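What follows is a short report on a single structure.
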Amino acid sequence: MYGDHEVEHEHKPYGLMVLLLLSMVALAGVAYWKMAKPGSGPYGAIAMSDSSLTYGGAWGYADPVAAYKRSISECNKAGAAGDCVVKVSLKDNCGALAISVERNASFLVQGRDQVATTATAIQQCQASGAGDCTIKENICSSAS
């Protein structure tokens, strides 16, 4: 020993700093999720471009205008020529979009039952004589 000097260790609150950092990251994650996810609501929409047959859907919105805007945005992101318009607006119901590229045709149906709505859209498409009918959107919007 070199005398009666005590060595004083500096204790840094690393545990508290780590806890604070983790809390901030968790709060940022929750805030991002809340902003990215629409509020639960009864409104939805399907938008489509007649010229390119591109489409976009939105569901679960508390505000019908927000659902319209989101569906148009999704349609335009899909490569539309900027001519997307809302073709079906939903409130507590379902919508289905069937498309035939060979016929350059779309078939939009809305109703309360998702399975029946989808089946009707396919049936209408096939009734046109198209052999390439496919469901492109199949959404339900409900506040519950």
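Of note, ALA130 satisfies the criterion of being surrounded by 14 or more Cβ atoms within 10 Å (Cβ to Cβ) and over 20 Å from ALA58 (Cβ atoms).
The numbered conditions (1) at positive phi; (2) at pLDDT 95 or above are all true for ALA58 except (1).
Conditions (1) more than 16 Å from ILE139 (Cα to Cα); (2) in contact with a Ser or Thr (Cβ under 6 Å, 6 or more places away or on another chain); (3) surrounded by fewer than 16 Cβ atoms within 10 Å (Cβ to Cβ), marked per residue:
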| site | (1), (2), (3) |
| --- | --- |
| TRP59 | no, yes, no |
| ASN76 | yes, no, no |
| ASN104 | yes, no, yes |
| THR117 | no, no, no |
| GLN126 | yes, no, yes |
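Cβ-Cβ contacts under 9 Å between residues 6 or more apart (or on different chains), taken from a first residue in segment 74-88 that is at positive phi to a second residue that is of a type in the set (Ser, Thr, Tyr) and not in a helix (DSSP H, G or I), are listed as GLY79/SER49; GLY79/SER52; GLY79/THR54; GLY82/SER49.
Criterion applied to SER40, SER52 was being at pLDDT below 95, surrounded by 11 or more Cβ atoms within 10 Å (Cβ to Cβ), within 19 Å of the chain's Cα centre (by Cα) and outside any strand (DSSP E or B), and the one residue passing it is SER40. If you go through segment 67-94 and keep only what is part of a loop (DSSP other than H, G, I, E, B) and closer than 17 Å to VAL109 by Cα, you end up with just ASP92.
The values are calculated or read from the model by the stated rules, or taken from the named source; none is laboratory data. Only a predicted model underlies this, so the values are computations on that prediction, with no experimental measurement involved. Cβ: placed from backbone, ideal geometry, glycine included. Neighbour counts: every protein chain shown.
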